[in-house]
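**Student:** Quick one: this structure, given as structure tokens, is what I'll be asking you about.
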Amino acid sequence: MSEAGNAQRAATIAVLVENEAGVLARVIGLFSGRGYNIDSLTVAPVDETGRISRITVVTSGTEMVIEQIKAQLDRLVPVHKVSDLTLEGPHLVRELALIKVVGRGENRVEALRLADAFRARVVDATTESFVFEMTGAAEKIDAFCALMRPIGLAEVSRTGAVAIARGPRGLS
Amino acid sequence: MSAATKPASTEAALTMSGAEVVLRALKDNGVEVIFGYPGGAVLPIYDALFQQNAIRHILVRHEQAAVHAAEGYARSTGKVGCVLVTSGPGATNAVTGLVDALMDSIPVVCLTGQVPTHLIGNDAFQEADTTGITRPATKHNYLVKKSGDLARVVHEAFYVAKSGRPGPVVIDLPKDILINKAPYTEPPIAAHRSYRPQTEPDAEQIRKAVRLLKAAKRPIVYAGGGVINAGPEASRLLTEFVRMTGFPCTNTLMGLGAFPSEDPHFVGMLGMHGTYEANLAMHGCDVMLNIGARFDDRVTGRLNAFAPNSKKIHADIDPSSINKNVPVDVAIVGDAGRVLAALIECWKTEDAPQDKHVLTAWWRQIDEWRTKDCLRYRQSGKIIKPQHAVKRLYEITKELGRETFITTEVGQHQMWAAQYFGFQKPNRWMTSGGLGTMGYGLPAAMGVQIAHPDALVIDIAGEASILMNIQEMGTLAQYRLPVKVFILNNEYMGMVRQWQELLHGGRYSESYSAALPDFVKLAESFHAKGIRVTDADDLDAGIREMIAYPGPVIADIAVAKDENCFPMIPSGAAHNEMILGEDQEGGVAGVTDEGKVLV
């Protein structure tokens, strides 16, 4: 282990788990009990039978802590596989956001213009509001929300990151 | 497959209640004895227990003791210990025992009753969120909500408890699941879908380790409880490896007995109250081989000064133990026994020569450290030194030659037991290492005695710790378990007192054992024998009387009240900053504020 062991890094970790009662509590309890950071966490079943769920957790820490997080996740009984996408190479990270903007007049026009530029879709509209749906990296959603703030940003709902490695290699 | 070869499958099995399925599954997993305490939610299991003879039930007096007893049973036999408690308070009382088993990697399966499934979440009488509470207290836990899952879950629980790094598993059983009919399937079940720990070490890592070890000038083998958990063969292989290489060997508190203490290669226990030679050998080594130990803070002292100029090899069955506290150079994931077998094999075939000459210089250095005689104490006069009491206990049991098992409570007496009682075989020493649970020793001794009815089982205790589970004297009486409780009575929570003396200006805040019971009368009221020894001249006779008595005994040994446990590495200090007994006057210099924060 290098002496530069105190440098922090972010890690996007994919975890395949048995889709059983309490499995998410185990993962979250592990992070809180051992004092690790959770920047975001998403979970949903991903196989045809619904028996396997995929958790994507974005965390940060020193190299030693991130190695520890992976090892601790891997020894949970219902965990099938742990993969550090950040370490393992090129990967895609996406987040879905639903963004409500409320306003009238020129602000509505401006909101639509910006949404177009960011490739956000209008999924709900009233005479005084829009709900935009957008997908992208967290930074893109952050930027969009920042632009919407002065023109009527009312509410944001975000999924947190989901991620997958580029190329033909699968995780299971 | 004919019905005759598999009588318990499907059709026929639906004649069994859930409770009967549970007991059948326990039996098929080799359970002979279960430690428990009844209550409303588990009445169906108690009813089924009443109607069978395959499994013996031991009625404890508190659920915490049931788990410790199962731990004692497990640690002295290598089998999985089994516990049965009711819902709510039964389960919450068991939690301390479960965490104890988790910290010390002891295989235990604990069945807890639960309110019926339709009442879960309704704050019903004696309802607790047992799986929620025990999630961080166990290796894994289950709530059985379907009768069809019952048999599989029990089989799986035993697999999880004993595989990889062992640990406690809870199965929460709602009362309706126990009453309703349930199908039974025999073990073994299909391979676990997700939990398959690696036991076979990687050959390349083994080669790297052997190359480092062959070139070592100042090597040390540091072996822990993982060697004991890997079974007696692993201890035999450890002994073979150490003798073959000529290396010095130290054991952790949990590893005592993995290597024979009377072997000249043994340098004693290491860590906070380890020997001078073990700690200095750790500090000065150039290659360290850690097998089945976890670089616990009691062992390492200040991390940035831990074995500063060494290459470290760490073999552990749990990958999360590796590089957790101490970064290592060679990581080997595997069962301690397999690792040792592979190391021995590779040592024999690897060409690189071993320079025995440099080893001689290392041993000369170690022998010089040994001349400090760091465990020396002065027994003079009538007042019994606690060290002397343990030493005489060891010598007398050795002379008698009976199979002897030692359990302890937690505190000074525990450390003196570790320092002055020698262990030549594994599974003879049961102590609460990781969690440090006062009240562990008496129930653990019960479990050991159940497993080894003819052996001599001694709980080396302190007068404060023993009171934490003293109610178990009733269990000893009921089952005529001849456990000996050997109390080093200094009228203090001695380790608390020692820290207050050394680190808190001698302000003995709440550490005096006031209003102690008369232990002789206490023993007698529980149908046991009571002995009190106050004079050093009577010590041997007291020990012999205790051992000779065929039933349970409390031997209350009045010892020096202000004796401290040395050597000691104060919190936040390094191995080479150890304080020895002769330095004890005037307190400890050099404990930093940072050190005081540590426990």
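**Student:** Which of the residues spanning segment B:164-177 are facing chain A (nearest Cβ under 10 Å) and either surrounded by fewer than 19 Cβ atoms within 10 Å (Cβ to Cβ) or within 15 Å of B:VAL42 (Cβ to Cβ) (or both)?
**Tutor:** None; the set is empty.
**Student:** Can you find a residue that is without any contact (Cβ under 8 Å) to a residue 24 or more places away in the chain, assigned to a helix (DSSP H, G or I) and more than 12 Å from chain A (Cβ to nearest Cβ) anywhere in segment B:122-137?
**Tutor:** No, segment B:122-137 has no match at all.
**Student:** Residue check, A:MET64 against (1) in contact (Cβ under 8 Å) with a residue 60 or more places away in the chain; (2) within 14 Å of chain B (Cβ to nearest Cβ); (3) crowded, with 17+ Cβ neighbours inside 10 Å, all met but one. Which one?
**Tutor:** If we test A:MET64 against (1) in contact (Cβ under 8 Å) with a residue 60 or more places away in the chain; (2) within 14 Å of chain B (Cβ to nearest Cβ); (3) crowded, with 17+ Cβ neighbours inside 10 Å, just (3) comes out false.
**Student:** For segment A:132-149, give me each residue that is more than 20 Å from the chain's Cα centre (by Cα) and either surrounded by 18 or more Cβ atoms within 10 Å (Cβ to Cβ) or in the same structural domain as A:ASP39 (by TED's automatic domain parsing) (or both).
**Tutor:** Within segment A:132-149, just A:MET148 meets the criteria.
Yes or no, residue by residue, for (1) buried (at least 18 other Cβ atoms within 10 Å of the Cβ); (2) modelled with pLDDT under 95; (3) in a loop (DSSP other than H, G, I, E, B):
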{"site": "B:ALA514", "(1), (2), (3)": "no, no, yes"}
{"site": "B:ALA523", "(1), (2), (3)": "yes, no, no"}
{"site": "B:LEU539", "(1), (2), (3)": "yes, no, no"}
{"site": "B:LYS561", "(1), (2), (3)": "no, no, yes"}
{"site": "B:GLY572", "(1), (2), (3)": "yes, yes, yes"}
{"site": "B:GLU582", "(1), (2), (3)": "no, yes, no"}
{"site": "B:ALA589", "(1), (2), (3)": "no, yes, yes"}
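**Student:** A further question follows. Within segment B:34-46, identify whether any single residue is in the same structural domain as B:VAL85 (by TED's automatic domain parsing) and at pLDDT below 95, and answer yes or no.
**Tutor:** No - not one qualifying residue is present in segment B:34-46.
**Student:** Also: Quick test for you: out of B:MET438, B:MET430, pick the one residue that is more than 25 Å from B:SER261 (Cα to Cα) and either not β-branched (Val, Ile, Thr) or not assigned by TED's automatic domain parsing to the domain that holds B:ASP556 (or both).
**Tutor:** On inspection, the qualifying residue turns out to be B:MET438.
**Student:** So which pairs qualify, if the first residue must be in segment B:505-523 and free of Cβ contacts under 8 Å to residues at least 24 places away in the same chain, the second must be in a loop (DSSP other than H, G, I, E, B), the Cβ gap must be under 6 Å, and the two must be at least 6 apart or on different chains?
**Tutor:** B:SER511/B:MET493
**Student:** Then there is this: From B:ASP172, B:ASP176, grab the single residue that is outside any helix (DSSP H, G or I) and at pLDDT 95 or above.
**Tutor:** Just one listed residue meets the conditions, B:ASP172.
**Student:** Something else now. Please count how many residues of segment B:303-345 are assigned to a loop (DSSP other than H, G, I, E, B), of a type outside the set (Lys, Arg) and either over 17 Å from B:ALA203 (Cα atoms) or under 26 Å from the mean Cα position of the chain (by Cα) (or both).
**Tutor:** Adding up the residues that qualify gives 15.
**Student:** Check A:THR42, A:THR86, A:THR59 and return the single one that is at pLDDT 95 or above and touching a Phe, Trp or Tyr at 6+ places or on another chain (Cβ under 8 Å).
**Tutor:** None of the other options fit; the residue is A:THR59.
**Student:** While we're here: So which of B:ARG532, B:ARG497 ends up being part of a helix (DSSP H, G or I) and modelled with pLDDT of 95 or more?
**Tutor:** Checking each option against the conditions leaves just B:ARG497.
Table: residues versus (1) surrounded by 23 or more Cβ atoms within 10 Å (Cβ to Cβ); (2) at pLDDT 95 or above; (3) not assigned by TED's automatic domain parsing to the domain that holds B:ARG24.
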site: B:GLY132; (1), (2), (3): no, yes, no
site: B:TYR142; (1), (2), (3): yes, yes, no
site: B:PRO188; (1), (2), (3): no, no, yes
site: B:ALA191; (1), (2), (3): no, no, yes
site: B:ARG211; (1), (2), (3): no, yes, yes
site: B:ARG218; (1), (2), (3): no, yes, yes
site: B:TYR222; (1), (2), (3): yes, yes, yes
site: B:VAL227; (1), (2), (3): yes, yes, yes
site: B:ALA230; (1), (2), (3): yes, yes, yes
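**Student:** Let me ask you something else. Report yes if some residue within segment B:254-268 is among the polar types (S, T, N, Q), modelled with pLDDT of 95 or more, surrounded by fewer than 24 Cβ atoms within 10 Å (Cβ to Cβ) and not in a loop (DSSP other than H, G, I, E, B); otherwise report no.
**Tutor:** No.
**Student:** Sort out which residues of segment B:423-450 are closer than 20 Å to B:GLY225 by Cα and over 16 Å from the mean Cα position of the chain (by Cα), and write them in order of number.
**Tutor:** B:GLN424
**Student:** Checking A:LYS100 against (1) more than 14 Å from chain B (Cβ to nearest Cβ); (2) surrounded by fewer than 16 Cβ atoms within 10 Å (Cβ to Cβ); (3) of a type in the set (Lys, Arg): exactly one of these is not met. Which one?
**Tutor:** Tallying (1) more than 14 Å from chain B (Cβ to nearest Cβ); (2) surrounded by fewer than 16 Cβ atoms within 10 Å (Cβ to Cβ); (3) of a type in the set (Lys, Arg), A:LYS100 fails exactly one: (2).
**Student:** Among the residues of segment B:192-207, which ones are within 15 Å of B:ILE291 (Cα to Cα), in a helix (DSSP H, G or I) and not hydrophobic (A, V, I, L, M, F, W, C)?
**Tutor:** B:GLN205
**Student:** Which one is farthest from the other protein chains (Cβ to nearest Cβ) among residues in segment B:138-160 that are among the small types (Gly, Ala, Ser) and over 11 Å from B:LEU173 (Cα atoms)?
**Tutor:** The residue in question is B:ALA151.
**Student:** Among B:MET415, B:MET430, B:MET446, which is the only one that is crowded, with 24+ Cβ neighbours inside 10 Å, aliphatic (A, V, I, L, M) and over 24 Å from B:VAL108 (Cβ atoms)?
**Tutor:** Only one candidate passes the filter, namely B:MET415.
**Student:** Collect the residues in segment A:103-124 that are surrounded by fewer than 16 Cβ atoms within 10 Å (Cβ to Cβ) and charged (D, E, K, R), keeping them in residue-number order.
**Tutor:** The answer is A:ARG104, A:GLU106, A:ARG113, A:ASP116, A:ARG119, A:ARG121, A:ASP124.
**Student:** Determine which member of the set A:THR86, A:THR59 is closer than 29 Å to A:CYS145 by Cβ, away from chain B (no Cβ under 14 Å), in a strand (DSSP E or B) and of a type in the set (Ser, Thr, Tyr).
**Tutor:** A:THR59
**Student:** What's the number of the condition B:ASN304 fails, among (1) more than 23 Å from B:ASN229 (Cα to Cα); (2) surrounded by 22 or more Cβ atoms within 10 Å (Cβ to Cβ); (3) not aliphatic (A, V, I, L, M)?
**Tutor:** Among (1) more than 23 Å from B:ASN229 (Cα to Cα); (2) surrounded by 22 or more Cβ atoms within 10 Å (Cβ to Cβ); (3) not aliphatic (A, V, I, L, M), B:ASN304 violates only (2).
**Student:** Can you name the number of the only condition in (1) closer than 27 Å to A:GLY170 by Cβ; (2) of a type outside the set (Asp, Glu); (3) modelled with pLDDT of 95 or more that A:ALA115 fails?
**Tutor:** Just one mismatch for A:ALA115, condition (1).
**Student:** Further question on the same structure: Looking at (1) within 11 Å of chain A (Cβ to nearest Cβ); (2) touching a residue at least 60 places away in the same chain (Cβ under 8 Å); (3) more than 30 Å from the chain's Cα centre (by Cα), which one does B:ASN180 not meet, given that it meets all the others?
**Tutor:** (1)
**Student:** For segment A:17-44, which positions are farther than 14 Å from A:ARG75 by Cα, within 14 Å of chain B (Cβ to nearest Cβ) and buried (at least 18 other Cβ atoms within 10 Å of the Cβ)?
**Tutor:** Correct list: A:ASN19, A:TYR36.
The values are calculated or read from the model by the stated rules, or taken from the named source; none is laboratory data. Owing to the predicted nature of the structure, the values given are computational and were not obtained by experimental measurement. Reconstructed Cβ throughout: ideal geometry from the backbone, glycine too, with neighbour counts over all protein chains shown.
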